[in-house]
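Student: Here's a structure for you.
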Amino acid sequence: MDAEAALRRTGSGIISIDNDDVTAQNCWTLRAEAGFPYQESLHWNVVPWYLGTADRIAAPGQTEIQRAAPFLHEVIALLPSPEAVIPMGRKAQAGWAAYQERYAPKVHTLPTRRPSPRVFASRPVARQEILEVLQQAARLLGSA
């Protein structure tokens with residue numbers, strides 16, 4: 001990507017709970033309300049590489065989701081004993097399902113919505129649904 005294109009794209013270019021955006025803030029806030037400690041979690045994008053153009057991010061398709069499964073496996077293999085996975089949003093849920101088909105991990109799966117401003121604006125119950133899933137995860141881990 002050339003320098004001019006890099007300047008047009010906003011954000012850090014990676015998915016992170018530490019980004020300076022509303023979705024990341026929603027994650028922090030909801031996790032704190034749920035009693036789910038930061039050190040008990042790892043945030044990972046089901047497709048860990050950038051999709052889209054210099055101006056616009058693109059959602060992953062089935063091909064990218066399938067292609068990403070071995071990379072997700074590498075990350076999961078680094079964890080001492082993952083107990084729960086919370087795929088947030090339809091794409092993350094599809095990616096986790098593709099991973100499960102291939103590698104059959106034995107962890108609790110707690111799917112929920114993406115904590116984005118768009119989801120919160122279009123589905124008023126979304127915030128509460130996500131909070132309840134995070135509370136359930138905290139209970140599973142003995143954190144709450």
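Student: Report which label in (1) 2, 9, 17, 21, 21, 17, 9, 3, 1, 0; (2) 2, 10, 20, 21, 19, 13, 8, 5, 2, 1, 0, 0, 0; (3) 2, 10, 21, 25, 22, 13, 5, 2, 0 holds the value of P(r) over Cα pairs in 5 Å bins from 0, in percent derived from the coordinates of this structure.
Tutor: It is the one labelled (1).
Student: Now for a separate question. Quickly rank 127-139, 50-62 as a protection proxy: mean count of other C-beta atoms within 10 Å, highest first. It would help to have the intermediate numbers written out before the result.
Tutor: On the way: 127-139: 18.0, 50-62: 12.3.
With the highest mean Cβ count within 10 Å placed first, the list reads 127-139, 50-62.
Student: Something else about it: Using amide H atoms built in the peptide plane, which far-off residues or other-chain residues are under 5 Å from HIS108 H to H?
Tutor: ALA84, VAL85
Student: Here is a further query. Using mean Cβ contacts within 10 Å as the protection proxy, how do 86-99, 28-41 order, highest first?
Tutor: 86-99, 28-41
Student: Now for a different question. So, in Å, what gap is there between the alpha-carbon centers of the stretch 72-144 and the stretch 39-65?
Tutor: Going from one Cα centre to the other spans 15 Å.
Student: Provide the per-residue ³J(HN,Hα) series for the stretch 28-35, in order, calculated from phi with Karplus coefficients 6.51, -1.76, 1.60 and θ = phi - 60°, each as a whole number of Hz, with x at glycine and proline positions.
Tutor: 4, 4, 5, 4, 5, 4, 7, x
Student: Separate question: For the stretch 3-140, calculate the relative contact order in percent as a whole number, restricting contacts to Cα pairs under 8 Å that are 6 or more residues apart.
Tutor: Rounded, it is 27 percent for the stretch 3-140.
Student: Per DSSP H run of at least 4 residues, take -39500 (n - 2.57); add these up for the chain, divide by its residues and hand me the 222 nm value, nearest 500 deg cm²/dmol.
Tutor: -15000 deg cm²/dmol
Student: Separate question: Charges at C-beta only: +1 for Lys and Arg, -1 for Asp and Glu. How large is the resulting dipole of the chain about its Cα centre, in Debye rounded to 20?
Tutor: About 440 debye.
Student: Quick one: 3J(HN,Hα) in Hz for the stretch 44-58, Karplus 6.51/-1.76/1.60 with θ = phi - 60°, rounded, Gly and Pro as x.
Tutor: For the stretch 44-58, the Karplus-derived couplings read 8, 8, 4, 10, x, 10, 5, 10, x, 10, 5, 9, 8, 6, 10 Hz, x marking Gly and Pro.
Quick note: the coordinates plus some simple rules give every number you see, no bench work behind them. In this text, all values refer to a predicted model and were calculated from it rather than measured experimentally. Every residue, glycine as well, gets a Cβ built from its backbone with ideal geometry; the counts of neighbours run over all protein chains shown.
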